[in-house]
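> Have a look at the structure that comes next, please.
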Amino acid sequence: MTDYLSFAVAAAVILVIVILVWRYQKKNGGAFDERQALLRGNAYKRAFFAVTIYCVLHALIVLFSEKPVMEDGVGMMMAMFVGVTVFALDCIHHDAFFTAKQTPGGYILLLAVNIVTQGVGTAAKIRNGAFLRNGVLTMACVQPACLAVFTVILIALLVRRYGGSRAEAEE
């Protein structure tokens, strides 16, 4: 029951954040330029392709395994994480993650807070041994997967922001 409650609270918080960001962008004219829009479209295509490959591989694993590998819903959440990660990394790589007017400082802080909270929850679930039940991955493994996704995105943003400036300065 507490897992469902935590998912409901997380979904409500995410919804509020999305609404606030959407209203802020609408008010401040946070539109992407044509180049960024094209690059983001390509990133969507790559993410969709990655999710498709993941779904095919997952279907093959489910088809050929004798017993369930993971609980219902875990595979769907992992597919979502694959898509989000591919999209974010592709956009970061091509400088299409933020509009020209946006600065990544607030987003980096939000990612860091998310990573800390996910890390605390993951540590508690590791301590409880909640990831496997009878050899099947449980929904508890979604939290460390989310932690991994946000950590990879944060690292990519930091490398792009601080690593790219050194390479440009040397030229």
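> Can you confirm whether Leu57 is surrounded by 13 or more Cβ atoms within 10 Å (Cβ to Cβ) and either of a type outside the set (S, T, N, Q) or part of a loop (DSSP other than H, G, I, E, B) (or both)?
no
> Here are some residues: Ala43, Ala79, Ala37, Ala88. Which one is of a type in the set (A, V, I, L, M), surrounded by fewer than 18 Cβ atoms within 10 Å (Cβ to Cβ), outside any loop (DSSP other than H, G, I, E, B) and at pLDDT 90 or above?
Working: Ala43 fails: surrounded by fewer than 18 Cβ atoms within 10 Å (Cβ to Cβ); Ala37 fails: at pLDDT 90 or above; Ala88 fails: surrounded by fewer than 18 Cβ atoms within 10 Å (Cβ to Cβ).
None of the other options fit; the residue is Ala79.
> Filter segment 132-149 down to the residues that are surrounded by fewer than 17 Cβ atoms within 10 Å (Cβ to Cβ) and of a type in the set (Gly, Ala, Ser), then identify the one that is farthest from Met76 (Cα to Cα).
Step by step, filter segment 132-149, then rank; the result is Gly135.
> I'd like to check something: does segment 63-74 contain any residue that is among the acidic types (Asp, Glu), in the same structural domain as Pro144 (by TED's automatic domain parsing), over 22 Å from Leu147 (Cα atoms) and exposed (fewer than 11 other Cβ atoms within 10 Å of the Cβ)? Step through it out loud before you land on a result.
Keep residues of segment 63-74 that are among the acidic types (Asp, Glu), which gives 66, 71-72.
From the residues that got through so far, the ones that are in the same structural domain as Pro144 (by TED's automatic domain parsing) too are 66, 71-72.
Those left that are additionally over 22 Å from Leu147 (Cα atoms): 66.
Checking which are exposed (fewer than 11 other Cβ atoms within 10 Å of the Cβ) leaves us with 66.
Looking through segment 63-74, at least one residue is among the acidic types (Asp, Glu), in the same structural domain as Pro144 (by TED's automatic domain parsing), over 22 Å from Leu147 (Cα atoms) and exposed (fewer than 11 other Cβ atoms within 10 Å of the Cβ).
> Which residue pairs have Cβ atoms closer than 9 Å, lie 6 or more positions apart in sequence or on different chains, and pair a first residue in segment 32-48 that is in contact (Cβ under 8 Å) with a residue 60 or more places away in the chain with a second residue that is in a helix (DSSP H, G or I)?
Pairs found: Phe32/Leu39; Phe32/Arg40; Gln36/Cys91.
> Given the conditions (1) free of Cβ contacts under 8 Å to residues at least 60 places away in the same chain; (2) within 14 Å of Ala156 (Cα to Cα); (3) of a type in the set (S, T, N, Q), report the number of the one that Thr85 does not fulfil.
Tallying (1) free of Cβ contacts under 8 Å to residues at least 60 places away in the same chain; (2) within 14 Å of Ala156 (Cα to Cα); (3) of a type in the set (S, T, N, Q), Thr85 fails exactly one: (1).
> So which of Asp72, Asp95, Asp90 ends up being free of Cβ contacts under 8 Å to residues at least 12 places away in the same chain and of a type in the set (D, E, K, R)? Give the derivation first.
Details: Asp95 fails: free of Cβ contacts under 8 Å to residues at least 12 places away in the same chain; Asp90 fails: free of Cβ contacts under 8 Å to residues at least 12 places away in the same chain.
Answer to the check: Asp72.
> Please determine, by comparing only the residues of segment 112-163 that are assigned to a helix (DSSP H, G or I) and of a type in the set (Ser, Thr, Tyr), which one is nearest to Val62 (Cα to Cα). Walk me through it before giving the result.
Taking segment 112-163 as the starting set, the residues that turn out to be assigned to a helix (DSSP H, G or I) are 112-128, 139-163.
Going one step further and asking which of them are of a type in the set (Ser, Thr, Tyr), we end up with 117, 122, 151, 162.
Values: Thr117: 32, Thr122: 26, Thr151: 28, Tyr162: 42 Å.
Of everything passing the filter in segment 112-163, Thr122 is nearest to Val62 (Cα to Cα).
> Still on this structure, please answer the following. Condition check: among the polar types (S, T, N, Q), free of Cβ contacts under 8 Å to residues at least 12 places away in the same chain and assigned to a loop (DSSP other than H, G, I, E, B). Does Thr103 satisfy that?
On the way: among the polar types (S, T, N, Q): yes; free of Cβ contacts under 8 Å to residues at least 12 places away in the same chain: yes; assigned to a loop (DSSP other than H, G, I, E, B): yes.
Answer is yes for this residue.
The values are calculated or read from the model by the stated rules, or taken from the named source; none is laboratory data. The model shown is predicted, which means the values in this text are computed figures rather than measured ones. Backbone-built Cβ (ideal geometry, glycine too); neighbour counts: all protein chains shown.
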